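The values are calculated or read from the model by the stated rules, or taken from the named source; none is laboratory data. Only a predicted model underlies this, so the values are computations on that prediction, with no experimental measurement involved. Neighbour counts are summed over all protein chains in view; Cβ atoms, including those assigned to glycine, are modelled from backbone coordinates with ideal geometry. Calculation scope for accessible area: heavy atoms of the full protein, side chains included, ligands and nucleic acids excluded. Shrake-Rupley method; radii C 1.70, N 1.55, O 1.52, S 1.80 Å.
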Amino acid sequence: MLKDCKHVFKLDPAKEISDQDLAAICESETDAIIIGGTDDITEDNVLNLMARVRRFSVPVALEITSTDAVVPGFDHYFIPAVFNTADMKWQHGLMLEALAEYGHLLDYDEVSLLPYIIMNPECKAFRKAEGKVVAPEMVTHYINMMDKLYRTPYIYIEYSGTYGDPEVMRTVQENVSQSHVIYGGGITSKEEAKEMAQYADTIVVGNIIYDSVKKALRTIIK
Ligand SMILES: CC(C)=CCC/C(C)=C/CC/C(C)=C/CC/C(C)=C/CC/C(C)=C/CC/C(C)=C/CC/C(C)=C/COP(=O)(O)OP(=O)(O)O
Ligand SMILES: O=P(O)(O)OC[C@@H](O)CO
Ligand SMILES: [Mg+2]
């Protein structure tokens, strides 16, 4: 689903957003909405946000971070897999348990793996997924492993909450051959969006929505 998307907004079901701001986001020229977050994700808040976003025609996907909060009716589902983790449960262990329990309900055409390298050690997702710090000289090796050996469909370079290092993204771009690169983290302006869009196929904009919808809308580059 993200393969045709240059710009995506990520909405957090645990955060409040007014109808007016949500309409501005959903009626913007963004290519898609992902609903997802790390903490306090419940069936209720996912269902509520999905129903509100569904009033608009923008495609909407769910990033599953809790098996208790999987709601039918999304256009697509993403399952995160963290590659720089100290505990493989965050790469495939939880996924395998979920498949053993719920696999019979899955339509694999509507589900994609979302492989992450989490670069910001301060972010919630890094802490939750027991991240291992990635030294700049290791970026190439992660990319070669994921892109050329695992041949993952996507590689999500996650700086959630902080603006990333363009040199790291340049290294990613120079080494990737087939994976679709997603960049997310700290984008708050058109200039930052343009800079990261040079290196990534898709850029994801999240937190700024909750500080200033006006600024968030300016990150849409076409
Ligand atoms: C209808 C249908 C599809 C039914 C399917 C039935 C079903 C339940 C199938 C199960 C599917 C499955 C295999 C699920 C596995 C789920 C699982 C537990 C995966 C592990 C998730 C994981 C690795 C979480 C780690 C954290 C992480 C990478 C989160 C990603 C999102 C992210 C980075 C958000 C940004 O953080 P944020 O919360 O915004 O932080 P701030 O507040 O600081 O901004
Ligand atoms: O919230 P921000 O920092 O914009 O990051 C977007 C997204 O990559 C979070 O998963
Ligand atoms: Mg967030």
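May I ask you to list the residues in segment 120-141 that are touching a residue at least 60 places away in the same chain (Cβ under 8 Å) and touching a strand residue (DSSP E or B) at 6+ places or on another chain (Cβ under 6 Å)?
Answer for segment 120-141, where residues must be touching a residue at least 60 places away in the same chain (Cβ under 8 Å) and touching a strand residue (DSSP E or B) at 6+ places or on another chain (Cβ under 6 Å): just ALA125.
With TYR116, TYR142 as the choices, which residue is within 12 Å of ligand 2 (Cβ to nearest atom) and open to solvent by less than 40 Å² (accessible area, probe 1.4 Å)?
The unique qualifying residue is TYR116.
Would you check if GLN178 is modelled with pLDDT of 95 or more, closer than 19 Å to MET1 by Cβ and open to solvent by 60 Å² or more (accessible area, probe 1.4 Å)?
Considered against the rule, which asks whether it is modelled with pLDDT of 95 or more, closer than 19 Å to MET1 by Cβ and open to solvent by 60 Å² or more (accessible area, probe 1.4 Å), GLN178 comes out as yes.
So, in segment 191-222, of the ones that are farther than 22 Å from GLN20 by Cα and open to solvent by 30 Å² or more (accessible area, probe 1.4 Å), which residue ends up nearest to ligand 3 (Cβ to nearest atom)?
For segment 191-222, the residue satisfying everything is GLU192.
Among PHE9, PHE56, which is of a type in the set (Phe, Trp, Tyr) and within 24 Å of TYR199 (Cβ to Cβ)?
Selected residue: PHE9, the only one of PHE9, PHE56 that is of a type in the set (Phe, Trp, Tyr) and within 24 Å of TYR199 (Cβ to Cβ).
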